[in-house]
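Q: Before I ask anything, let me first share the structure, which is written out below as structure tokens.
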Amino acid sequence: ALHLLQEARSRYISQRRLPPVVLDMQTAWTMLAVSVDEPGLSDLLQYDKSRTDLTSKQREAFEEIFSSWSVHRAEQTFATNPEAAFSILTDAGHEYPGDRNIHAALASLYLTRNDRQKALDVFQTWGMAGAQAGDYRVAAGAALSAHKFELADQFLKRGLEQFPHDPELMHMTARQDI
């Protein structure tokens, strides 16, 4: 499938025409599915980021691809080169500062390395924009394990404001109150 998509893109380019956005999206997702190291994926994502004909939904779709690609690359790299993995996600966070997946993955990798303070720094710098209930639980758990009880309470409170019916956030809050 990837070969056919790349061939279709090549035809547009050889005719000096922009490939349709949907073709670029399908090609990028397929490349990512084949391998995070698929040759040309980085170039395709950079090319599509610079396109001026994208709608906001299309830009969001490419951001999601870039985010997934960055997270997968970092996770794959972490076992052999943790510093490179952190760098991948830090760079991706600068590229797309509002992307929840990138920040959550970076904090998760720091927690995997038992670096609670750096994980907490990520949560605080991120500001939890777009966070899910699980992100608040992880942030509060990291704060608790670092003995930062007031910070844990802040994460739990903010999490419950966003997700008032999340049973695990309610349970964590109740345990804190004891």
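Q: Out of curiosity, is residue 139 closer than 29 Å to residue 30 by Cβ, among the small types (Gly, Ala, Ser) and open to solvent by less than 20 Å² (accessible area, probe 1.4 Å)? Please lay out each step first, then the result.
A: Values: closer than 29 Å to residue 30 by Cβ: no; among the small types (Gly, Ala, Ser): yes; open to solvent by less than 20 Å² (accessible area, probe 1.4 Å): yes.
In short, no.
Q: Then there's this: Go through the stretch 109-143 and give me each residue that's polar (S, T, N, Q) and under 14 Å from the mean Cα position of the chain (by Cα). Quick ask: steps written out before the conclusion?
A: At the first step, the residues of the stretch 109-143 found to be polar (S, T, N, Q) are 112, 114, 117, 124-125, 132.
The one that is polar (S, T, N, Q) and under 14 Å from the mean Cα position of the chain (by Cα): 132.
Q: Out of 135, 153, 177, report the one residue that is touching a residue at least 24 places away in the same chain (Cβ under 8 Å) and acidic (Asp, Glu). Working first, answer last.
A: On the way: 153 fails: touching a residue at least 24 places away in the same chain (Cβ under 8 Å); 177 fails: touching a residue at least 24 places away in the same chain (Cβ under 8 Å).
Answer to the selection: 135.
Q: Is it the case that residue 36 is among the β-branched types (Val, Ile, Thr), modelled with pLDDT of 95 or more and under 18 Å from residue 89 (Cα atoms)? Working first, answer last.
A: Details: among the β-branched types (Val, Ile, Thr): yes; modelled with pLDDT of 95 or more: no; under 18 Å from residue 89 (Cα atoms): yes.
It is false that residue 36 is among the β-branched types (Val, Ile, Thr), modelled with pLDDT of 95 or more and under 18 Å from residue 89 (Cα atoms).
Q: Could you please find all residues in the stretch 1-60 being assigned to a loop (DSSP other than H, G, I, E, B), of a type in the set (D, E, K, R) and touching a helix residue (DSSP H, G or I) at 6+ places or on another chain (Cβ under 9 Å)?
A: Residues of the stretch 1-60 assigned to a loop (DSSP other than H, G, I, E, B): 1, 15-20, 35-40, 50-55.
Within this subset, residues satisfying the condition of being of a type in the set (D, E, K, R) are 16-17, 37-38, 51, 53.
Across the stretch 1-60, the qualifying residues are 17, 37, 38, 51, 53.
Q: Filter the stretch 8-34 for residues that are loosely packed, with under 12 Cβ neighbours inside 10 Å and of a type in the set (Ser, Thr, Tyr) and give the result.
A: 10, 14
Q: Separate question: Considering each residue of the stretch 2-41, count those that are closer than 18 Å to residue 67 by Cβ, without any contact (Cβ under 8 Å) to a residue 24 or more places away in the chain and among the small types (Gly, Ala, Ser), and give that number.
A: Qualifying residue count for the region: 2.
Q: While we're looking at this one, here's another question. Quick one: how many residues across the stretch 76-105 are open to solvent by 20 Å² or more (accessible area, probe 1.4 Å), closer than 18 Å to residue 42 by Cα and more than 12 Å from the chain's Cα centre (by Cα)?
A: Selection size over the stretch 76-105: 4.
The values are calculated or read from the model by the stated rules, or taken from the named source; none is laboratory data. Because the structure is predicted, anything quoted here is derived from the model rather than measured. Cβ sites come from the backbone with ideal geometry, for glycine too, and all protein chains shown count toward neighbours. Surface areas here come from the heavy atoms of the whole protein model, side chains and all, with no ligands, DNA or RNA. Shrake-Rupley method; radii C 1.70, N 1.55, O 1.52, S 1.80 Å.
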